[in-house]
Amino acid sequence: MPARTHRSTAAVFLAFYLFASIAHAQQITAAASGLTAVADGVTLEVTALRDDVLRVRMWKGDDAPEDASWAVLAPARTSRVPVTAEAHGFSTKSLRVSVDAHLLLTVADLEGNILQRDAAPVLWEGTRFAVSKQRSFDDHFFGLGDKPGPLDRGGQVFTMWNTDAFGWQESTDPIYKSIPFFLDVSHGRTLGVFLDNTWRTSFDFGRADVTRYTFGSLNGPVDYYLMYGPEPRQVVSTWAWLTGPTPLPPLWALGFQQSRYTYFPESQLREVAERLRKDRIPSDVLWLDIDFQHENWPFTVDDKAFPNFRGMVKDLAAQHFKLVVITDLHVAKQPNVGYAPYDSGTAGDHFVKNPDGSTFVGKVWPGPAVFPDFTQAQSRQWWGSLYKGFIDEGVAGFWNDMNEPAVFDGPGKTMPNDVQHRIDEPGFRKRTANHLEIHNVFGMQNARGTEEGELAFRPNERPFVMTRASYAGGQRYSATWTGDNSSTWNHLRMTVPQIVNLGLSGFSLTGADVGGFAGSPPPDLLTKWIEVSAFQPIDRDHSAKGTRMHEVWVDGPQQEDIRRRFIDERYRLMPYLYTVAEETSRDGLPIDRPLFLEFPHATDDGTPYDLSTGGGEFLFGSRILVAPNPSPEEVAPYAVHLPAGLWYDYWTGKQLGRTNIAGTLDLEQRDKVIAQKPLMVTPTLDKLPVYVRGGSILPIAPLTQSTAEVPNGPLTLRVFPLSPAPSSGESCAGEVYTDDGHSFDFRNGAFARIRFTCTVAANGAINVEIGKQEGNWHPWWHTYRVEIEDWTPKAKRASVDGKNVVVTQADGHWGVTVPVNAEGMRIALE
């Protein structure tokens, strides 16, 4: 420890003498973990939080801005690593930083590859600022949340200002969320950039000037973070380190969910529940929009339309349905009538203020309404206390809508800029801020208060909150969706890049209203949407008032059968999906992900693979590739570009890839040929192309009607051997994770994680190894069914740890059924 201190001190003195040679106007002070430079009254501070993470702050004058963040976790923000001083900057074990006399910043890797270079000094105009970075034509930009449009943000301009954007279209900006984080992918290297500024910010990725990209704000701090990969998955995981991953949700949140604005009265909701069970459509969640409330007052129930609310919740639970209800943040201004949210909020002084100190009032669904000041910890605690009644009645989750905040009679459909928020929050200086500073975090803090309320009343139950508006880091508190989309083919097409970019931005638990919220989808559109949504994190069918019904059965038995089949498949894949969700909660990698996250070097020039293929394909976890039609309303054949390697058709189990290439090419040569030869798919109503990577082992369950139903039968391990060549000996792998599906007991060991591997022997025999279970949870399965895809046994022999067992064929799959051994086992099939 003393030696390390000595080295850091020596580095400081070395830096002092080296920096003295820089232009006279500049003063640089080296630090153990970075540097501070001053020129012309502007201060630049660069700090190494990790070897691959830098924080950059700039300010004018003598006083640094307040060092606080709604987004960045305190342990990450205060993390430090030692650096090595150099002539014009410093280096870490991953990065080299240099600063010139004009405070222009350059960041490179240790091989000299430039990752980011300022194109001009920071431009200041009063409180406004703009940061400019050099851009090449090889830069591709991803992230920024659910902004509509192409997957790649290059050449576009965006504004961060949470907006109630009903009827948004492909060119609409801004919409509901402000997540000022993006990935810059260039030449196979990825740098993440996060501007931690809650004011109205803007991003120009080369529209005004193709040689640079810029970001800036009307006010607030120049405070941004740089996260280096070089692989994109490393950057996404680092983003989770910085702002937190999406927590493990309750299992039921991954089930099929049915909603409408609104099921009314109570009898209609009961009818929907009965029909879902009668038609054997697997489902877990029903939703209630605002009409269930008394005159749209949050935290009330219309007793005439829902005369037995508590009994209804209990009856739905008996049918294995969870109920999620909406609780908008606009509290009805109803004094002296016994409306507890208004009365208690007024008594506790929990509502936002006008500049003159009076309570701000705006018109929303209940009419005149007041708004909680979520920047006060005590006000969030009060807000959370309002959930006690619904929680006591058994409501499972809550929906925070309209929290941009939307105000019907406000300027720009929101609060006036001068509305006052009284920040009283650990880690922040206690002060008053106007709405311009708080607007973009208002919805995030609303969802935070809801989540904290759920945890207060159910401390050992995983909460479920759905929010429409949020900010960076909001994934810690809630799931989200893409807002009020439309029932058009184009909106179905836009769903994939929106959900993928949300995942890259930290929100792994996301979805889009299936069928489109605004408008009435024709039958084929609703069917195709249900097919795609079966492979997305949140699968919620939702529709607006005045539209035709969206339920699975509405278009007759032929359409219903197709839709049911895809929902069925989602439930069979539930062990895989839950395993991916648990992975997300640890490493931050999203459930739905772009191809370049797993195949960053699939093209020779470093172009992200998704852009070479049109951007319509996505990965469901790391093992399954889904390839919807990029023009879903068209009937002409379209190309599916599978990354090089061996792939299997998920539906048939047949191998694709290497075995389709004739001749004597070796495997590496075949891979390159395959990468250039797309599959041509003729779209049909009842099919969605889905593929599995060779080398995967997928855990698959017997079909159930909800996640609360215990599957009856074995856990199937579907093995997709990596190589068709019997002499290759290549392996495959997979795992399954499970727990009780709802509590936090997994943190104390009440979980089960089992890993699987396989090898292909020279004689074509396959060995499957089931590892020793981690954790002390007893899974629902008592037997495994091990099935090998696209493989026929020669000897029809099998053994488990040397003891012979029977090889059988079921539904075209050869395999064995064996009892569970928590200590693990080795299965040989010949």
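The values are calculated or read from the model by the stated rules, or taken from the named source; none is laboratory data. Quick caveat: nothing in here was measured; it's all calculated off a predicted structure. Positions of Cβ are generated from backbone atoms using ideal geometry, with glycine treated the same way; all protein chains shown enter the neighbour counts. Calculation scope for accessible area: heavy atoms of the full protein, side chains included, ligands and nucleic acids excluded. Shrake-Rupley method; radii C 1.70, N 1.55, O 1.52, S 1.80 Å.
Points to keep in mind about this one:
- Taking the C-alpha atoms of the range 397-455, convex hull volume expressed per residue in Å³: 85
- Descending Cα extents along the principal axes, the range 456-511, whole Å: 42, 22, 16
- Calculated FRET value between residue 586 and residue 565, using beta carbons and R₀ = 25 Å, to 0.05: 0.15
- Lysines with Cα under 26 Å of residue 333, excluding same-chain neighbours fewer than 8 positions away: 304, 353, 363, 388, 413, 545
- Only protein heavy atoms count here; on that basis, with a 1.4 Å probe, residue 388 has an accessible area of about 100 Å².
- When each of the peptides 760-766, 84-90, 329-335 is scored by how many other beta carbons lie within 10 Å of its residues on average, the order from highest to lowest is 329-335, 84-90, 760-766.
- Values of log10 I(q)/I(0), in the order q = 0.19, 0.25 Å⁻¹, for the range 127-206 under a Debye, Cα-only, solvent-free model: -0.84, -1.34
- Kirkwood hydrodynamic radius over Cα pairs of the range 699-830, then Stokes diffusion coefficient at 20 °C and 1.002 mPa s, in µm²/s: 138
- For residue 687, the aspartates and glutamates whose Cα comes closer than 13 Å to its Cα, not counting residues fewer than 8 places off in the same chain, are 524, 531, 561, 569, 649.
- Accessible area (Å², per residue) of the chain, counting only protein heavy atoms and a probe of 1.4 Å: 37
- Surface share of carbon and sulfur [accessible, 1.4 angstrom probe, percent] for the chain: 52
- Exposure of residue 545 as accessible area (Å², to 10), given a probe of 1.4 Å and all protein chains: 100
- At 1.306 mPa s and 10 °C, Stokes D of the range 770-830 from Kirkwood alpha-carbon radius, µm² per second: 127
- For the chain, projected area of the alpha-carbon convex hull averaged over all directions, nm²: 36.9
- Kirkwood-Stokes translational diffusion coefficient of the range 290-410, alpha-carbon pairs, 37 °C, 0.692 mPa s, µm²/s: 216
- For residue 133, the lysines whose Cα comes closer than 30 Å to its Cα, not counting residues fewer than 8 places off in the same chain, are 60, 93, 147, 177.
- Within the assembled protein chains, the solvent-accessible surface assigned to residue 530 is about 0 Å², based on a 1.4 Å probe.
- Given charges at beta-carbon only (K, R positive; D, E negative), |dipole| of the chain in Debye: 1140
- The residue 810 and residue 40 beta-carbon pair, evaluated with R₀ = 51 Å, returns a calculated FRET efficiency of approximately 0.10.
- Per-pair calculated FRET efficiency, R0 = 60 Å: residue 767 and residue 137 via Cβ, rounded to 0.05: 0.75
- Each 10 Å bin from 0 upward holds the following percent of the Cα-Cα pairs of the range 510-659: 10, 33, 37, 17, 3, 0.
- With θ taken as phi - 60° and the Karplus curve 6.51 cos²θ - 1.76 cosθ + 1.60 applied, the whole-hertz 3J(HN,Hα) list for the range 537-551 is x, 9, 10, 10, 8, 9, 8, 8, 4, x, 9, 6, 5, 10, 4 Hz, x standing for glycine and proline.
- Taking label points 7 Å from Cα along the Cα-to-Cβ direction, residue 347 and residue 73 give a separation of 3.8 nm.
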